[in-house]
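Where a number appears in this text, it was derived from the coordinates with a stated rule and is not lab data. Being a predicted model, the structure only gives us computed values, none of them experimental. Positions of Cβ are backbone-derived with ideal geometry, glycine not excepted, and every protein chain shown enters the neighbour counts.
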Amino acid sequence: MHVDKPTAVQIILAWRDNKWVVSRDAVEVGAYAYRNHAMDRVKALAAEAAANKLECYLLCRDQDGVWTERPCPRPSRRAAN
């Protein structure tokens, strides 16, 4: 089945229960003690979405509980080569 405009990929990075949780389209894909490690996973998921030519957005919930929406990180040039 071909869809002209597929649904955007939603990636969530959220602080929950003393760890950083990463989810893609409401499915948890990892939990990390450090935000940098969680962001590495977010970047990998964003690169995967970009490789499949899908739109992507990132929802972040910091330790203070505030939610923000951001564009997904762009894949690095090194990852593209």
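A few comments on the model shown:
- Consider segment 27-57 and keep the residues that are among the hydroxyl-bearing types (Ser, Thr, Tyr) and over 10 Å from the mean Cα position of the chain (by Cα). The one that is nearest to Val9 (Cα to Cα) is Tyr32.
Here is a yes/no grid of residues against (1) hydrophobic (A, V, I, L, M, F, W, C); (2) within 21 Å of Ser76 (Cα to Cα); (3) surrounded by fewer than 14 Cβ atoms within 10 Å (Cβ to Cβ):
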| residue | (1), (2), (3) |
| --- | --- |
| Asp17 | no, no, yes |
| Val22 | yes, yes, no |
| Asp25 | no, no, yes |
| Arg41 | no, yes, no |
| Ala44 | yes, yes, no |
| Tyr57 | no, yes, no |
